[in-house]
Structure formats: structure tokens, C-alpha cells
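These notes concern the structure reproduced below.
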Amino acid sequence: MVRRVASLIALMTLCAVALVGCISSGSVSEFEGPNIGDRTLSQIEPGETTQTWVLAVLGEPTERAAIDDSDGPVEVWKWVRRKIVTTKGSAFVVSSRSKSEEVRTVYVEFKDGVVTRAWRD
């Protein structure tokens, strides 16, 4: 009887180890666009920082827009950073794949070539 129980436990352990080998997963992250950190963004001072400085530090924006404000024309520059995570998993003969995307956007508004405000979405 003791032998059968020991054999059964050994067989169950072997099956469990074999099943663990049939299950796998992993993820890969890809990035698009500049990584503008909070420290860099905090260096932009409304009323003092110029477009030239912003361009030199942040690089070419993803998009530029001119807007007619009640106080006159303003320009808004936008930098978009995307993080795309692809997750793959498999269990036995079934496999799955999913993608998720996280978007972070930084905006800087200018009037007469000087920053009026900067923010992150």
C-alpha cells in the first residue's frame, strides 16, 4: 500500500513538472517618439523659455499648430510617445497574443516665441 501511494505521488509530481513546461508567456515593449521626463519638463519656465531652447532640448515636435487666441496668435507644439506592449502566451497547444498601447503627450504653448505654458497629458 505504501509503495502504491509513493508511486502515485511520484507520477503526479512528474505530470505536474511536465505540465509546467507546457505553459509559457512573455512580453516585449516597443517605444515610438521622444521620452520627455518630468525633470526636463520642469525646466521649461513660462515667460522665459524660448522656442529655440525648447527645440534644442526636446527635439522636433510630432505636430505644430497655430491657434488664434483672443489675445492674438499662439503656437502649440506637441510631442507624442507611444509604448506598445505585445504579450505572448501559450498553454499546451493553445497560444494567445495581445497588444496594448500607452500614449503620453507633452504640449508646449508659445506666444511671440516664448513659452506661455507647458503640460503633459
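The values are calculated or read from the model by the stated rules, or taken from the named source; none is laboratory data. For clarity, every value in this text was computed on a predicted model and none was experimentally measured. Cβ: placed from backbone, ideal geometry, glycine included. Neighbour counts: every protein chain shown. What goes into the accessible areas is simple: the full protein's heavy atoms, side chains included, and nothing from ligands, DNA or RNA. Shrake-Rupley method; radii C 1.70, N 1.55, O 1.52, S 1.80 Å.
Structure notes:
- Reachable lysines from Lys88, criterion Cα separation under 18 angstrom, eight or more residues apart if same chain: Lys99
- Using the Cβ-Cβ distance between Ala56 and Arg97 with R0 = 41 Å, the FRET efficiency computed as 1/(1 + (r/R0)^6) comes to roughly 0.50.
- Gain in span if fully extended, Asp71 to Arg4, counting 0.36 nm per residue against the direct Cα distance: 15.3 nm
- The mean accessible area for residues of segment 25-68, using a 1.4 Å probe and ignoring ligands and nucleic acids, is 73 Å² per residue.
- Label point distance in nm, Lys111-Asn35, each placed 7 Å from Cα along Cα→Cβ: 3.5 nm
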